[in-house]
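The values are calculated or read from the model by the stated rules, or taken from the named source; none is laboratory data. Note that the structure is predicted; figures quoted are calculated from it, not measured. Cβ placement follows ideal geometry from the backbone for every residue including glycine, while neighbour counts extend to all protein chains displayed.
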């Protein structure tokens, strides 16, 4: 069950109450090391009240504190050209543009490589889980201008990704990582505990996709593979480790407190959630054979994109 990037980026919402839909982009400017996070969100409240489109931008300079600005809420509208609109903010298949207070951005995107299914394709298309996440553009490059606080950042071929979430709301608690490993290799990790009754007391379920030399691991269903993985959470440091096929993987993530922003927002049912995001995180990843021989080791220093979140 395959889909084009355009299909995967298009809105899934069909007017149902109690739904959350997210488009988010993360990137790192290769010249300055500045990270950028653009979050676009459609919320359809459970009580049937008005749908709202809103979001934010966060900029993470290499020196100094991050800058975080919100836009919206605005009414939801669709068009043939735009995937998401909220007042001056617009997302199309190749452009992200908008403003939030004094911050403005206009970025063009070029996609490299096929989509990455962190959750299995069937989970995304059928919508039978509480929520699902995928990465339509896992190896994208961005060029354009971001202005904030009297500064202007010109980015050229900044590496990053466009990802998607759709479902009934945010997880009870979660951790997320996207990291470019160089030479076309990359990793995406989502470890989460569902907020559904009966599921919220279970251990975190880690879903991992490693793209290595053009091959995606695990080769099969990531939900089935998650049974052999474990996630360990703390406030800003977390770990995922275990077996993937004939290999062992260990992922350790550190988010510097001074380069992390804290954002609060509401689920469709009104529950307040909070996330702590850093676009200048560090990730240490090892990929070993089952008998302990290290085949690959990466240290992604200050260019990993990571987040932990949960109840406020």
Residue hits (the stretch 255-285; farther than 30 Å from residue 50 by Cα and buried (at least 17 other Cβ atoms within 10 Å of the Cβ)) are 255, 259, 260, 278, 279, 280, 281, 282, 283, 285
Assess whether residue 297 counts as being in contact (Cβ under 8 Å) with a residue 40 or more places away in the chain, surrounded by fewer than 18 Cβ atoms within 10 Å (Cβ to Cβ) and either more than 30 Å from residue 50 (Cα to Cα) or out of contact with any strand residue (DSSP E or B) (no Cβ under 7 Å at 6 or more places or on another chain) (or both).
-> no
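Residue-by-condition table, conditions (1) free of Cβ contacts under 8 Å to residues at least 60 places away in the same chain; (2) at positive phi:
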| site | (1), (2) |
| --- | --- |
| 203 | yes, no |
| 209 | no, no |
| 223 | no, no |
| 226 | yes, no |
| 232 | yes, no |
| 242 | yes, yes |
| 260 | no, no |
| 288 | yes, no |
Odd one out for residue 93, checked against (1) part of a loop (DSSP other than H, G, I, E, B); (2) at pLDDT 95 or above; (3) under 23 Å from residue 80 (Cβ atoms) = (2)
Quick check, is residue 186 touching a helix residue (DSSP H, G or I) at 6+ places or on another chain (Cβ under 7 Å) and either part of a strand (DSSP E or B) or buried (at least 17 other Cβ atoms within 10 Å of the Cβ) (or both)?
-> no
For the stretch 55-62, state whether one or more residues are surrounded by 14 or more Cβ atoms within 10 Å (Cβ to Cβ), touching a helix residue (DSSP H, G or I) at 6+ places or on another chain (Cβ under 7 Å) and at pLDDT 95 or above.
-> yes
Looking at the stretch 130-152, which of its residues are in a loop (DSSP other than H, G, I, E, B) and touching a residue at least 60 places away in the same chain (Cβ under 8 Å)?
-> 130, 149
Residue check, residue 65 against (1) at pLDDT 95 or above; (2) surrounded by fewer than 20 Cβ atoms within 10 Å (Cβ to Cβ); (3) under 18 Å from the mean Cα position of the chain (by Cα), all met but one. Which one?
-> (3)
